[in-house]
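Below: one structure, written as structure tokens.
The values are calculated or read from the model by the stated rules, or taken from the named source; none is laboratory data. Small disclaimer: the values here were computed from a predicted structure and weren't measured. Cβ placement follows ideal geometry from the backbone for every residue including glycine, while neighbour counts extend to all protein chains displayed.
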Amino acid sequence: MKAKTVLITGASRGIGRATAIAFSNEGYRVGINYRSNRTSAESCLAELQGSGHQIFRADISSRKGIEQLFNDVIEAFGRIDVLVNSAGIAIENSMEQTPDEWLAAWDKTMDTNINGLAYCCFRAAKHMMEQKSGRIINISSRGAFRGEPDMLAYGASKGAVNSLTQSLAKALGKYNIGVTAVAPGFVNTDMAEGILKSPEGEMLINESPFNRVAEPEEVAKTVLFLADESSLFLSGTIVDVNGASYFRM
């Protein structure tokens, strides 16, 4: 039996990188998508267990980039069993900005975090519908629920990711495709490093009764669990991985 294939967007760093390593440890062939840092992508590739893994350069904020990515991955691997949408950006988008600054930040965030993610879901789903099986796992955020006053587009985009996840779960269940999301709080990655080392960092860390933030590997293990055959009936679920720092009803 051939190894299952997982495509992970934004896999050269942070949660995506830890997820790539976790899947390789379970025998998956891993497609590592990266946008610009080839050195980091190659470093991730070198950490993976097993063989047959590949790196794929593509900007998922671009339809052309996504088309090329999926064409390349399917040509290389023949199939995609799991898609993990990990690529994302978090930039300032606040009421203190000028109209031009605000719109530029909004558009840039949405192009990656929801527009690109949604089209990746579409391309993967069309392929998985032919296979009559598959898993799509989207990386969301605690910010979708608690609000992000300094990153309005980020919070809005992650809320849209959650809604899309649940709508796709309804649409794709008849094809034996499960769709879920993981919503971490702060994670010990380079994306969060600046704010965690800022004056408010200690307060943010102490929001969790564990007095720390999540490690990328903890999020990756949750993603790996959601990709398992036994997790199909979790389709539509949004899993909080925030160390009891925030509860939603």
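Taking (1) outside any loop (DSSP other than H, G, I, E, B); (2) touching a helix residue (DSSP H, G or I) at 6+ places or on another chain (Cβ under 6 Å) in turn, Ser40 satisfies each apart from (2). For region 217-247, the candidate set comprises residues that are within 14 Å of Phe186 (Cα to Cα) and in contact with a Gly (Cβ under 6 Å, 6 or more places away or on another chain); within that set, the residue that is surrounded by the most Cβ atoms within 10 Å (Cβ to Cβ) is Asn242. Looking across region 91-135, just one residue is more than 16 Å from Ser61 (Cα to Cα) and β-branched (Val, Ile, Thr), and that is Thr98.
Is there a residue in region 66-73 that is surrounded by fewer than 18 Cβ atoms within 10 Å (Cβ to Cβ), free of Cβ contacts under 8 Å to residues at least 60 places away in the same chain, under 14 Å from Ser12 (Cβ atoms) and touching a Gly at 6+ places or on another chain (Cβ under 9 Å)? Within region 66-73, none of the residues are surrounded by fewer than 18 Cβ atoms within 10 Å (Cβ to Cβ), free of Cβ contacts under 8 Å to residues at least 60 places away in the same chain, under 14 Å from Ser12 (Cβ atoms) and touching a Gly at 6+ places or on another chain (Cβ under 9 Å). Answer yes or no: is there a residue in region 78-88 that is of a type in the set (S, T, N, Q), in a loop (DSSP other than H, G, I, E, B), more than 16 Å from Leu152 (Cβ to Cβ) and over 19 Å from the mean Cα position of the chain (by Cα). So far as region 78-88 goes, no, none of its residues is of a type in the set (S, T, N, Q), in a loop (DSSP other than H, G, I, E, B), more than 16 Å from Leu152 (Cβ to Cβ) and over 19 Å from the mean Cα position of the chain (by Cα). Conditions first: (1) in contact with a helix residue (DSSP H, G or I) (Cβ under 7 Å, 6 or more places away or on another chain); (2) in a helix (DSSP H, G or I); (3) within 22 Å of Val82 (Cα to Cα). Gly155 passes all but one, so which condition is the exception? Going through the list (1) in contact with a helix residue (DSSP H, G or I) (Cβ under 7 Å, 6 or more places away or on another chain); (2) in a helix (DSSP H, G or I); (3) within 22 Å of Val82 (Cα to Cα), Gly155 breaks only (3). Here Ser141 meets each of (1) among the hydroxyl-bearing types (Ser, Thr, Tyr); (2) over 16 Å from Thr19 (Cβ atoms); (3) not in a helix (DSSP H, G or I) with one exception, condition (2).
Being in a helix (DSSP H, G or I) and more than 24 Å from Ala3 (Cβ to Cβ) is true of Asp100. Within region 18-64, restricting attention to residues that are closer than 22 Å to Phe225 by Cα and β-branched (Val, Ile, Thr), the residue that is surrounded by the fewest Cβ atoms within 10 Å (Cβ to Cβ) is Ile21. Among the residues of region 104-138, those that are surrounded by fewer than 24 Cβ atoms within 10 Å (Cβ to Cβ) and either in contact with a Pro (Cβ under 6 Å, 6 or more places away or on another chain) or not in a helix (DSSP H, G or I) (or both) comprise Lys132, Ser133. Is it true that Thr165 is within 29 Å of Lys4 (Cβ to Cβ), at pLDDT 95 or above and in a helix (DSSP H, G or I)? In short, yes.
Does Ala160 meet the test of being in contact with a strand residue (DSSP E or B) (Cβ under 9 Å, 6 or more places away or on another chain) and not aromatic (Phe, Trp, Tyr)? No.
Residues in region 186-200 include at least one that is under 14 Å from the mean Cα position of the chain (by Cα) and in a strand (DSSP E or B).
For region 203-249, the set of residues classified as among the aromatic types (Phe, Trp, Tyr), part of a loop (DSSP other than H, G, I, E, B) and either free of Cβ contacts under 8 Å to residues at least 12 places away in the same chain or touching a Leu at 6+ places or on another chain (Cβ under 8 Å) (or both) consists of Phe247 only.
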